[in-house]
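Contents: one structure, followed by commentary.
The values are calculated or read from the model by the stated rules, or taken from the named source; none is laboratory data. This structure is a prediction, so every number in the text was calculated from the model and none was measured. Cβ placement follows ideal geometry from the backbone for every residue including glycine, while neighbour counts extend to all protein chains displayed. Accessible surface areas use protein heavy atoms only, side chains included; no ligands, DNA or RNA. Shrake-Rupley method; radii C 1.70, N 1.55, O 1.52, S 1.80 Å.
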Amino acid sequence: MLRSLVGSEMCIRDSRMHRAAMAKCDAVDDFSGTREAKCGAELSGVSMINASLTQSGLVSLIQRRILSAEKSMPDQVPRLVLAMAHSHAVDGGRESRELDGPDDPEVLPVSGRVERRAAERSAKYKAKFGETLPTFFRQLHRQDVHSASRAQFRGDTLQDRAMLTGLAVLAGKGTDLEKLRQLLALLWSEELELEHVDYATRRNAVDEAVRESGYAKESFGYGRTYYHSWITLVERTLAVRSAIDTGTHVLVLGSSLGWQAFYTHLTYGNSVTGYEMLEPRVKAATRVADQFGLNPKVQFIHGDASSASSEHVAEAGVIIMNDLLWDPQLLDKVYRNLLRFAAHDTLIVSNRVRPASVAARITTLSTSTLRVSWKADQRFYVHQIV
């Protein structure tokens, strides 16, 4: 049962608009498995919307940031549900297709680049060794790309797509939330190409960063915090929500492709600076920011997280550290830089407990467990400089 927890509980499942969005499964039971597949997809949509309304920060975000005085949450929830259900049905349907097939122009350019690179490398291999490049490397790579392509239309990414569609409908055309929905569609494609298709560029960037920094290779691993997880952290953590609401500058250390920077700016309006050591990720994030006219409100710097400028550290009321895999040497340097320049009461959002070496200067305010791309129950710690 879908419930909006606004005042008294309100059952959305009984509304006419919800029944239109979630029509009962009427597929023919012909023992082919078709009925189970269709009904399963519908139940998945109901479950996703229910989780979004009751387990994430979605309702709080809508109440605080979107609804005006003349619009009530009970009046708007049916519109939200309808938009989310439509998004889930459309995008979820795409996942079942051959996404790298010739009839899908959105994905074909990526697959075409895979094919061309494979052909070029095969030709070079044959010219050098007089034989054809073993095909299993190419097959494994194509399997990875295909799996990553399909993942954009299932699970948590599908939930993010649906939530953003619903938010964009409520917020209206030309709003930042509509822009965020459009931006993330592009950023998901950038992620697919950079982190899965063009693995040689990523590998070379990691090798270069390791040589320059001396940090362990694992420090440059990749992962994504989902949008629904990020807004849940902000909306349900009083200290973070209060700081964000003041309009404070936000600093992201290990900003990757810019996920949290874009989430924060286009949802809450804060200016954001990100530091990232892998240059291809910085270029991709900057390219997307420029395309959507976000510079200078959202900026990305190619540099070591421990080298964040004194100005950026001092002006930030919230500092996000994507530090789960960081080398101990890097973590120590980052904290020393923060304690030198950050203001009293600055918040630090981290994936790790506070190091014992800084316990006298940093206190832990709260812990949240959220879904991320690499784990269903990743811990986020909110620390504060005292």
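Exactly one condition in (1) among the acidic types (Asp, Glu); (2) farther than 28 Å from Val206 by Cβ; (3) not in a helix (DSSP H, G or I) is not met by Asp323; state its number.
The failed condition is (2).
Among the listed residues Val382, Val372, which satisfies the condition of being aliphatic (A, V, I, L, M) and more than 24 Å from Glu195 (Cα to Cα)?
Val382
Conditions tested, residue by residue: (1) more than 24 Å from the chain's Cα centre (by Cα); (2) modelled with pLDDT of 85 or more; (3) under 22 Å from Leu370 (Cβ atoms).
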position: Asp75; (1), (2), (3): yes, no, no
position: Pro78; (1), (2), (3): yes, yes, no
position: Arg94; (1), (2), (3): no, no, no
position: Val107; (1), (2), (3): no, no, no
position: Val114; (1), (2), (3): yes, no, no
position: Glu120; (1), (2), (3): yes, no, no
position: Lys124; (1), (2), (3): yes, no, no
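Keeping to region 277-321, report how many residues are of a type in the set (Lys, Arg) and surrounded by 19 or more Cβ atoms within 10 Å (Cβ to Cβ).
1
I need every pair where a residue in region 44-61 that is of a type in the set (A, V, I, L, M, F, W, C) and at pLDDT 90 or above has its Cβ under 6 Å from the Cβ of a residue that is open to solvent by 40 Å² or more (accessible area, probe 1.4 Å) and assigned to a helix (DSSP H, G or I), sequence separation at least 6 or different chains.
Listed pairs, sorted by first residue: none to list.
Restricted to region 62-73, and to residues that are at pLDDT 90 or above and assigned to a helix (DSSP H, G or I), which residue is surrounded by the most Cβ atoms within 10 Å (Cβ to Cβ)?
Filtering region 62-73 for residues that are at pLDDT 90 or above and assigned to a helix (DSSP H, G or I), the one surrounded by the most Cβ atoms within 10 Å (Cβ to Cβ) comes out as Ile62.
Checking Val353 against (1) free of Cβ contacts under 8 Å to residues at least 40 places away in the same chain; (2) within 17 Å of Gly274 (Cα to Cα), only one condition comes out false. Which one?
Single failed check for Val353: (2).
Would you check which residues across region 234-258 are open to solvent by less than 20 Å² (accessible area, probe 1.4 Å) and among the acidic types (Asp, Glu) and list them?
Glu235
Given (1) more than 21 Å from the chain's Cα centre (by Cα); (2) modelled with pLDDT under 95; (3) open to solvent by 40 Å² or more (accessible area, probe 1.4 Å), where does Asp327 come up short, assuming only one miss?
(3)
As an exercise: evaluate Phe341 against (1) in contact with a helix residue (DSSP H, G or I) (Cβ under 7 Å, 6 or more places away or on another chain); (2) touching a residue at least 24 places away in the same chain (Cβ under 8 Å); (3) open to solvent by less than 40 Å² (accessible area, probe 1.4 Å) and give the number of the one condition it does not meet.
With respect to (1) in contact with a helix residue (DSSP H, G or I) (Cβ under 7 Å, 6 or more places away or on another chain); (2) touching a residue at least 24 places away in the same chain (Cβ under 8 Å); (3) open to solvent by less than 40 Å² (accessible area, probe 1.4 Å), Phe341 is out only on (3).
Specify the residue that is farthest from Gly155 (Cα to Cα); the eligible residues are those in region 190-233 that are buried (at least 19 other Cβ atoms within 10 Å of the Cβ) and among the polar types (S, T, N, Q).
Among those that are buried (at least 19 other Cβ atoms within 10 Å of the Cβ) and among the polar types (S, T, N, Q), it is Ser219.
Just checking, how many residues over region 345-369 are of a type in the set (S, T, N, Q) and open to solvent by 40 Å² or more (accessible area, probe 1.4 Å)?
5
Going through region 326-345 one residue at a time, which ones are farther than 22 Å from Arg379 by Cα, of a type in the set (A, V, I, L, M, F, W, C) and in a helix (DSSP H, G or I)?
Leu339, Phe341
Could you please find all residues in region 335-357 being of a type in the set (A, V, I, L, M, F, W, C) and touching a strand residue (DSSP E or B) at 6+ places or on another chain (Cβ under 9 Å)?
Leu338, Leu339, Ala342, Ala343, Leu347, Ile348, Val349, Val353
Scan the helices (runs of 4 or more DSSP H) fully inside region 217-311 and keep the ones with 3 or more residues being over 15 Å from the mean Cα position of the chain (by Cα).
It comes to 238-245, 279-291.
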